[in-house]
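Here the structure is laid out as structure tokens; the discussion comes afterwards.
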Amino acid sequence: MLQKFGFTQYESQIFEVLTASSEPLDASSIVKYSHVPKSKVYEVLGRLVEKGLILTSFQERKKLYTALPLDITIEKLTREFQENVEALKHREYKMTPNDDRVWTIQDHPAIISLTEDLISRAEQSIYISGWSDDIQPLLSELERMNRENIKIEVLSVGDVKTLLSDTHVLLPVEKHEALERHKLIIIDEKEILFAGLEQETWQGIATMSSPLVKFFTEFFYHDVALTEITKKYESTLMQDEKIKNILMKLRY
């Protein structure tokens, strides 16, 4: 019976002997009748004591063991089983994603669909950067999600109209040679989509790889910092030809 409840064979043998005996037994007698090896008997007895299935006492310097009455044992095991079933019913299981694969995608409509899907699955935060005409159609949904306490932060190349407070706008100049079409979406700091336009063809990657997500999140804030610094100190920075040339070569 005990083995059906997950107890070992030795535990079951010892409990059966103690249940069958009308008197408490010492360890030597338990070894004799249960056929559990002497080297194992104290270990097994200790586990049964911890599980509350046997009682112990001392008589003439000898430790004695007796089993819990069978009806009480059945009641105890039944109650514990029912408690475990209830706990199992109410326990929530959720696997933590551990997908380090990097997926490539080239079709622009597919990239747009994947962008919308990522945004719809966000639960905590969305960081998005790209060109204003790509971002503007998404803003009404982003504003709605922001009202539901999802953190939204936007970096736009070109001006956008939005109620979002965390919006950063980069207004490029003609000499900004490194500005290329791109999209970056990071949701919950767990998953990213990055896409760019190369030779008039959109190519992108999507991944949940933690190192890449961390890298692109830092990349996003690197661009935000450069945008805000350039905006605040534009007149000073642009007067310095060396700094200006460096800024014009940055991708942000």
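The values are calculated or read from the model by the stated rules, or taken from the named source; none is laboratory data. Since the model is a prediction, treat every value here as computed from it, not as a measurement. Cβ placement follows ideal geometry from the backbone for every residue including glycine, while neighbour counts extend to all protein chains displayed. We work out accessible area using only protein heavy atoms, side chains counted, and drop any ligands, DNA or RNA first. Shrake-Rupley method; radii C 1.70, N 1.55, O 1.52, S 1.80 Å.
Quick grid of which residues meet (1) among the basic types (Lys, Arg); (2) in contact (Cβ under 8 Å) with a residue 60 or more places away in the chain; (3) in contact with a His (Cβ under 8 Å, 6 or more places away or on another chain); (4) within 30 Å of LYS190 (Cβ to Cβ):
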site: LEU55; (1), (2), (3), (4): no, no, no, no
site: GLN59; (1), (2), (3), (4): no, no, no, no
site: THR66; (1), (2), (3), (4): no, no, no, no
site: LEU70; (1), (2), (3), (4): no, no, no, no
site: LEU77; (1), (2), (3), (4): no, yes, no, no
site: PHE81; (1), (2), (3), (4): no, yes, no, no
site: GLU86; (1), (2), (3), (4): no, no, no, no
site: VAL102; (1), (2), (3), (4): no, yes, no, yes
site: GLN106; (1), (2), (3), (4): no, yes, no, yes
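Please determine, by comparing only the residues of region 50-62 that are outside any strand (DSSP E or B) and exposed (fewer than 10 other Cβ atoms within 10 Å of the Cβ), which one is modelled with the highest pLDDT. Lay out the reasoning, then the answer.
Taking region 50-62 as the starting set, the residues that turn out to be outside any strand (DSSP E or B) are 50-53, 60-61.
Now narrow it down to the ones that are exposed (fewer than 10 other Cβ atoms within 10 Å of the Cβ): 50, 60-61.
Details: GLU50: 91, GLU60: 83, ARG61: 84.
So, considering only residues that are outside any strand (DSSP E or B) and exposed (fewer than 10 other Cβ atoms within 10 Å of the Cβ), the one modelled with the highest pLDDT is GLU50.
Restrict the check to region 116-125 and report whether at least one residue is touching a Gly at 6+ places or on another chain (Cβ under 9 Å), of a type in the set (D, E, K, R) and assigned to a helix (DSSP H, G or I).
Keep residues of region 116-125 that are touching a Gly at 6+ places or on another chain (Cβ under 9 Å), which gives none.
No, because not a single residue in region 116-125 is touching a Gly at 6+ places or on another chain (Cβ under 9 Å), of a type in the set (D, E, K, R) and assigned to a helix (DSSP H, G or I).
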* Hey, can you tell me all the residues within region 14-38 that are among the polar types (S, T, N, Q) and either touching a Lys or Arg at 6+ places or on another chain (Cβ under 6 Å) or surrounded by 18 or more Cβ atoms within 10 Å (Cβ to Cβ) (or both)? => SER34
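Count, please, the residues in region 63-101 that happen to be part of a helix (DSSP H, G or I) and out of contact with any Phe, Trp or Tyr (no Cβ under 6 Å at 6 or more places or on another chain).
Residues of region 63-101 that are part of a helix (DSSP H, G or I), as a first pass: 70-90.
Adding the requirement that they be out of contact with any Phe, Trp or Tyr (no Cβ under 6 Å at 6 or more places or on another chain) leaves 70-76, 78-90.
Of the residues in region 63-101, 20 are part of a helix (DSSP H, G or I) and out of contact with any Phe, Trp or Tyr (no Cβ under 6 Å at 6 or more places or on another chain).
Kindly provide the set of residues from region 239-251 that are assigned to a helix (DSSP H, G or I) and at pLDDT 70 or above, ordered by number.
Matches in region 239-251: GLN239, GLU241, LYS242, ILE243.
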* Hey, can you tell me all the residues within region 63-82 that are open to solvent by 90 Å² or more (accessible area, probe 1.4 Å) and either within 28 Å of the chain's Cα centre (by Cα) or under 30 Å from SER29 (Cβ atoms) (or both)? => ASP71, GLU75
* Which residue, of ILE128, ILE187, ILE112, is under 20 Å from ASP99 (Cα atoms) and among the β-branched types (Val, Ile, Thr)? -> ILE187
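Among the residues of region 115-163 satisfying the criterion of being under 28 Å from the mean Cα position of the chain (by Cα) and more than 23 Å from ALA206 (Cα to Cα), which is most open to solvent (accessible area, probe 1.4 Å)? Spell out the reasoning first.
Of the residues in region 115-163, the ones under 28 Å from the mean Cα position of the chain (by Cα) are 115-130, 138-139, 141-155.
Checking the rest, the ones that are also more than 23 Å from ALA206 (Cα to Cα) come to 143-144, 146-149.
Numbers: GLU143: 33, ARG144: 89, ASN146: 59, ARG147: 166, GLU148: 108, ASN149: 138 Å².
Top of the filtered list is ARG147.
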* To do: Would you mind finding the one in GLU92, GLU11 that is acidic (Asp, Glu) and surrounded by 13 or more Cβ atoms within 10 Å (Cβ to Cβ)?
  => GLU11
* Structure fact -> When LYS4 is run through (1) within 49 Å of the chain's Cα centre (by Cα); (2) exposed (fewer than 13 other Cβ atoms within 10 Å of the Cβ); (3) farther than 18 Å from LEU77 by Cβ, the failure sits at (3)
* To do: For residues that are part of a loop (DSSP other than H, G, I, E, B), closer than 24 Å to LYS231 by Cα and in contact (Cβ under 8 Å) with a residue 12 or more places away in the chain, tally how many sit in region 138-168.
  => 8
* May I ask you to say which residue of VAL41, VAL31 is closer than 18 Å to LEU2 by Cβ and either charged (D, E, K, R) or not in a strand (DSSP E or B) (or both)? => VAL41
* Contacts under 6 angstrom Cβ, first residue in region 194-221 being within 15 Å of THR104 (Cα to Cα) and in contact (Cβ under 8 Å) with a residue 12 or more places away in the chain, partner crowded, with 16+ Cβ neighbours inside 10 Å and among the basic types (Lys, Arg), 6 or more apart -> ALA195/LYS183
